[in-house]
Amino acid sequence: MPATDDYDTAVLWIEALEPQGIQGVVAKPGRSAYRGGDRIWQKVRHTEVVDVAVIGYTGASARPRNLAVRLPDGRRSPSASAPCWRTRPHRP
């Protein structure tokens with residue numbers, strides 16, 4: 001796994017990895033070991049992630065094709081039969 005302490009190098013890596021489908025990188029102190037529950041490590045993503053409430057879907061429940069959601073500010077997507085947000089295929 002590559003690692004760097006250089007900010008500019010990290011920016012180049014994250015930009016180069018995005019077209020390959022990499023969601024982002026993990027930023028942490030160089031010798032920091034993983035400790036479950038600690039918030040020392042940070043995820044740096046290409047896109048903003050927002051928690052939403054799923055209020056409906058189309059397709060099978062195990063693999064919905066489209067979601068109707070409510071955003072934290074109360075706005076909603078259209079009904080589940082005509083949603084505007086689409087899910088990406090799940091990759092286990």
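The figures follow:
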read-out	value
Exclusive hit being in contact with a Ser or Thr (Cβ under 6 Å, 6 or more places away or on another chain) and either at pLDDT below 75 or not in a loop (DSSP other than H, G, I, E, B) (or both), set Ala80, Ala16	Ala80
Count of residues meeting criterion [more than 30 Å from Lys28 (Cβ to Cβ), surrounded by fewer than 12 Cβ atoms within 10 Å (Cβ to Cβ) and either modelled with pLDDT of 80 or more or in contact with a helix residue (DSSP H, G or I) (Cβ under 8 Å, 6 or more places away or on another chain) (or both)] in the range 41-60	1
Pick from the range 23-40, criterion open to solvent by 70 Å² or more (accessible area, probe 1.4 Å), closer than 15 Å to Met1 by Cβ and touching a residue at least 12 places away in the same chain (Cβ under 8 Å), ranking: farthest from the chain's Cα centre (by Cα)	Lys28
Residues of the range 11-22 classified as open to solvent by less than 60 Å² (accessible area, probe 1.4 Å) and in contact (Cβ under 8 Å) with a residue 24 or more places away in the chain, total	1
Number of the exception - Pro64 against (1) open to solvent by less than 90 Å² (accessible area, probe 1.4 Å); (2) touching a helix residue (DSSP H, G or I) at 6+ places or on another chain (Cβ under 9 Å)	(2)
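The values are calculated or read from the model by the stated rules, or taken from the named source; none is laboratory data. No experiment lies behind these values; they were computed from the predicted model shown. FYI the Cβ positions are ideal-geometry reconstructions off the backbone, even for glycines, and counts take in every protein chain you see. In case anyone asks, the SASA skips ligands and DNA or RNA and just uses the protein heavy atoms, side chains included. Shrake-Rupley method; radii C 1.70, N 1.55, O 1.52, S 1.80 Å.
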